[in-house]
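Presented below is the structure to which this report refers.
The values are calculated or read from the model by the stated rules, or taken from the named source; none is laboratory data. Predicted model only: the values in this text are computed from it and were never measured. So basically every Cβ, Gly included, is an ideal-geometry build from the backbone, and we count neighbours across all protein chains shown. Just the protein is used for accessible areas: all its heavy atoms, side chains included, with ligands, DNA and RNA removed. Shrake-Rupley method; radii C 1.70, N 1.55, O 1.52, S 1.80 Å.
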Amino acid sequence: MPSQPSPATSPPPNPAPPAAERVYTHVKQAVLERRYEGGTLLTEGELASAVGVSRTPVREALLRLEAEGLLRLYPKKGALVLPVSVQEIGDVVETRLLVEEHAVRKVTPAPRDLLDRLGELLEQQRRQAETGDLAAVAATDRCFHATVVGAAGNRILERLYDQLRDRQLRMGVAVMHSHPDRIAKNITEHTEILRALRTGDAEAAAEAVRGHVGSVRHLLRGEVR
């Protein structure tokens, strides 16, 4: 008698992330999206309740976020969300300009696939702006610039630029919260960068990047005390 085929088994479900990782993700996203504003004091008990875990993984996650410069821990009190400082703004903008101006010159004349990808990101940002999703707009804004940096082909500079990711996202959301008209201006300035790349004008592209990135410093300095 022929053997019957064994019934197909479904793959096991993906295990849930460890508790500390869930707390880390929850707090980090809330800080980057400004749901936890700079100056907010977070307590272990509140976070444990919000995520549904014990206090032990909360402590582990907060230590990790302190090491990343987003929080400062105070024993028996909690964790303070660090505001964006004037020094941090200056450092991030200066680093971005050094990397991005170099990258935009290096990719000019830009290959068709890069131009197409930047065009897609620009359209995506327009759609996100229409829905008012500031976190998504900031993420796509950052992706637009990171795509140019990646296309330049310098992996060391690409890794350096990637280290700015969290600070860029946090600053981008801060600017759009304080200056809602900045969303449309960002899209216009991205359009200018893309237009210069399409025409093969490296200096015009670098100038567009300089004006676009430099404006962030001025806007944020008006907000930071």
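Brief remarks follow.
- Pick from segment 73-91, criterion under 29 Å from V58 (Cα atoms) and among the β-branched types (V, I, T), ranking: most open to solvent (accessible area, probe 1.4 Å): V84
- Residue ID - surrounded by the fewest Cβ atoms within 10 Å (Cβ to Cβ), chosen from residues in segment 126-154 that are part of a helix (DSSP H, G or I) and of a type in the set (D, E): E130
- Within segment 193-214, the residues that satisfy the criterion of being of a type outside the set (A, V, I, L, M, F, W, C) and assigned to a helix (DSSP H, G or I) are R195, R198, T199, E203, E207, R210, G211, H212, G214.
- In the condition set (1) within 18 Å of the chain's Cα centre (by Cα); (2) open to solvent by 20 Å² or more (accessible area, probe 1.4 Å), L118 is compliant with all but (2).
- Taking segment 83-108 as the range and being under 17 Å from the mean Cα position of the chain (by Cα) and of a type in the set (A, V, I, L, M) as the test, the residues that pass are V84, I89, V92, V93, L97, V99.
- Meets criteria (open to solvent by 30 Å² or more (accessible area, probe 1.4 Å), in contact with a helix residue (DSSP H, G or I) (Cβ under 9 Å, 6 or more places away or on another chain) and more than 24 Å from L219 (Cα to Cα)) for S49: no
- Residues being touching a residue at least 40 places away in the same chain (Cβ under 8 Å), open to solvent by 60 Å² or more (accessible area, probe 1.4 Å) and not aliphatic (A, V, I, L, M) - total across segment 155-202: 4
- Where a residue in segment 204-217 is touching a residue at least 24 places away in the same chain (Cβ under 8 Å) and its partner, wherever it lies, is in a helix (DSSP H, G or I) and among the polar types (S, T, N, Q), with Cβ under 8 Å and at least six apart: H212/N186
- A residue that is hydroxyl-bearing (S, T, Y) and in a helix (DSSP H, G or I) cannot be found anywhere in segment 105-125.
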